[in-house]
1. So what J values fall out for the stretch 54-62 if you push phi through Karplus, 6.51 cos²θ - 1.76 cosθ + 1.60 with θ = phi - 60°, rounded to Hz, Gly and Pro as x?
2. Expressed as a rounded percentage, what relative contact order does the stretch 1-159 have, with Cα pairs under 8 Å and six or more residues apart?
3. Just want the answer: with Cβ charges of +1 for Lys and Arg and -1 for Asp and Glu, which residue in 134, 112, 154 is farthest toward the dipole's positive end in the stretch 106-164?
4. Compare 121, 179, 56 in a GNM of the chain, Cα atoms joined below 10 Å, and give the one with the largest fluctuation.
5. Please say if the stretch 49-117 is rounded, prolate or oblate, where rounded means a/c under 1.5 for a ≥ b ≥ c the square roots of the C-alpha gyration tensor eigenvalues, and otherwise the choice is prolate for a/b larger than b/c and oblate otherwise?
6. When only alpha-carbon atoms are used, what values of Rg and Dmax, in angstrom, describe the stretch 155-197?
7. Across the stretch 205-218, in residue order, what do the Karplus-derived ³J(HN,Hα) couplings come to in whole Hz, using 6.51 cos²θ - 1.76 cosθ + 1.60 with θ = phi - 60° and x for Gly and Pro?
8. Run the dipole for the chain about the Cα centre, Lys and Arg Cβ at +1, Asp and Glu Cβ at -1, nothing else charged, and hand back the magnitude in debye, nearest 20.
Amino acid sequence: MSEPLTADYIVPLCTEQVGIVHEDDAILVVHKPAFLLSVPGRSEANKDCVISRLEAIYPGIKLVHRLDLDTSGLMVFARTREAQAALSRAFQQRQVSKTYDAVVTGLVSEDQGAIDLPLIADWTRRPRQKVCQQTGKQALTHFEVRQRYPAWDCTHIRLMPVTGRSHQLRIHCREIGHAIIGCDLYAPDHICARSPRLLLHASALAFHHPDTGEWSVFESPVPFLGDSFLATCASVPLAP
């Protein structure tokens, strides 16, 4: 399940800690584990989240952007109102470089490419989104293949979104015929079942520091790569 959550959905307890990647007087960069909300959900039972955990240690911490419940990886928070305004503006003006790593089903044939498909909310099936050429908002993702695994019928790809539409990476991967393994919203059931988690990780984040103006790059290792993990994914039947 991905944010926003339905009112009656209770998020399972996440015992993994939020990792601190960088901190200074203006910003805090953290690693969000999978299955932890970015912000509190609507239900009283869904109050555990990244920002509430951080507020206990860093009073006054301020939200800048979000990651889906199922996605792990880097988030940046502001420690001052000035930093929050500067970072929010940078995200809105697409002055932030975001890189994700994913493992998708099948062998991606092209070494690199771009996926340019407009997206809009699928109102009858929320929180799902859908491609709509007539009324969708522009959504552009660049990708490059990092490694193909023929024995396991999957590919490690790197995704560089230019826009930041909801579920953009999940839908774009599905639309080129290579759904992200473990995706409960856009992958067929047998592809979702190949992993206990969504194989999508925000691995790099870069932006101009709101205080110094210096281009700052932060990285987070991908937690689901490795032969033993991928072999486990391959042990699930590849066909329904």
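1. Ordered by residue, 3J(HN,Hα) equals 5, 4, 5, 10, 10, x, x, 4, 10 Hz.
2. 18
3. The one lying farthest along the dipole's positive direction is 134.
4. 56
5. oblate
6. According to the Cα coordinates of the stretch 155-197, Rg and Dmax are 10.4, 30 Å.
7. 3J(HN,Hα) across the stretch 205-218, in whole Hz: 9, 9, 6, 6, 4, x, 8, 8, x, 6, 5, 10, 10, 10.
8. 620
Coordinate-derived values only; no laboratory data. Fair warning: this is a prediction, and the values are worked out from it, not measured in the lab. Cβ sites come from the backbone with ideal geometry, for glycine too, and all protein chains shown count toward neighbours.
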